[in-house]
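The values are calculated or read from the model by the stated rules, or taken from the named source; none is laboratory data. Please read all numbers here as calculations on a predicted model, not as lab measurements. Cβ sites come from the backbone with ideal geometry, for glycine too, and all protein chains shown count toward neighbours.
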């Protein structure tokens, strides 16, 4: 009788092989994912650390100015009372100059279209060197771009006012006029703590909807009586000096620009404008100070307005 030979095979060996392969692949994927996450964290951490250790020059300037703001804002608000509590005789009016006694030689320097990175700084330096306070009609989008310059304007004791958000000349309906003016007033307040009620329409246009809305909201619409013509691309800076000295009168408001283009000639002209006016016996005031004179603080001037 023959014996039966039984051959025993290891069952499902191929399944074990597949299972082991899956484990290996899964492990590799997990390791790669872990390495990727670690690498990502390592890349982010140096950037955050670098931002903390090496803040930008602008951040340093803002931080330094913010430390000075409380005392400086108290000082400027003493001069800017009219900006927050504009007397009724100025609300909704268009003002060109103050008619004062001829012996009261006061004049207001005003600068439009800024803040402008280089020029505004240079003009502020010149004003500081001469101990003069001026009024800056700022453009909202430029305030957003250069908050540290607007803060310096206030810290240095100058008055600040609204010159719309985008500085466009076209006709505005009431809704867009409101956005141009309200948005700018809001960002001035958030940046400096000053809530202005002074408005100047771009280009001096009074009939495109902006001045109408400003008057509805009881802004004083501030124009000018002396034009430096510093936007004329063909004129030399000495022409700006001559224009201001020739047109200056007690209670006058001088129009100049610190932004909106190349204002190097304005920077050149400003020291000579200041010295020339001083030689004529003029002292310099801000627009709020000029308006305060209406209350009898300086020879009881009467404002020329519409």
Consider region 191-210. How many of its residues are surrounded by 21 or more Cβ atoms within 10 Å (Cβ to Cβ), under 30 Å from residue 242 (Cα atoms) and either modelled with pLDDT under 95 or more than 19 Å from the chain's Cα centre (by Cα) (or both)? 0
I'd like to verify a number: residues in region 166-201 that are in contact (Cβ under 8 Å) with a residue 60 or more places away in the chain and in a helix (DSSP H, G or I), how many? 1
Of all residues in region 266-289 being crowded, with 23+ Cβ neighbours inside 10 Å and more than 23 Å from the chain's Cα centre (by Cα), which is nearest to residue 250 (Cα to Cα)? 273
Going residue by residue through region 268-275, is there one that turns out to be at pLDDT below 95 and either more than 23 Å from residue 154 (Cβ to Cβ) or in contact with a helix residue (DSSP H, G or I) (Cβ under 7 Å, 6 or more places away or on another chain) (or both)? no
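Let's see how each residue does on (1) in contact with a helix residue (DSSP H, G or I) (Cβ under 7 Å, 6 or more places away or on another chain); (2) at negative phi:
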residue	(1), (2)
149	yes, yes
152	yes, yes
160	yes, yes
167	yes, no
177	yes, yes
184	yes, yes
190	no, yes
193	yes, no
203	no, no
Look at region 251-265 and say how many of its residues are surrounded by fewer than 20 Cβ atoms within 10 Å (Cβ to Cβ) and in a loop (DSSP other than H, G, I, E, B). 3
Restricting attention to region 291-305, does a residue exist that is surrounded by 23 or more Cβ atoms within 10 Å (Cβ to Cβ), part of a helix (DSSP H, G or I) and modelled with pLDDT under 95? yes
Filtering region 122-144 down to residues that are touching a residue at least 12 places away in the same chain (Cβ under 8 Å) and in a helix (DSSP H, G or I) yields 122, 123, 124, 126, 127, 128, 140, 141, 142, 143, 144
Is there a residue in region 256-263 that is over 30 Å from residue 175 (Cα atoms) and touching a helix residue (DSSP H, G or I) at 6+ places or on another chain (Cβ under 6 Å)? yes
Every residue from region 202-211 that is out of contact with any strand residue (DSSP E or B) (no Cβ under 7 Å at 6 or more places or on another chain), assigned to a helix (DSSP H, G or I) and touching a residue at least 24 places away in the same chain (Cβ under 8 Å): 202, 203, 210
Residues that are closer than 23 Å to residue 229 by Cβ and surrounded by fewer than 22 Cβ atoms within 10 Å (Cβ to Cβ), drawn from region 98-120: 105, 106, 118
Of all the residues that make up region 92-103, how many are assigned to a loop (DSSP other than H, G, I, E, B) and modelled with pLDDT under 90? 4
Could you tell me which numbered condition residue 246 fails, if it satisfies all but one of (1) surrounded by 16 or more Cβ atoms within 10 Å (Cβ to Cβ); (2) assigned to a helix (DSSP H, G or I)? (1)
Could we say that residue 132 is in contact with a strand residue (DSSP E or B) (Cβ under 6 Å, 6 or more places away or on another chain), under 17 Å from residue 278 (Cβ atoms) and surrounded by fewer than 21 Cβ atoms within 10 Å (Cβ to Cβ) here? yes
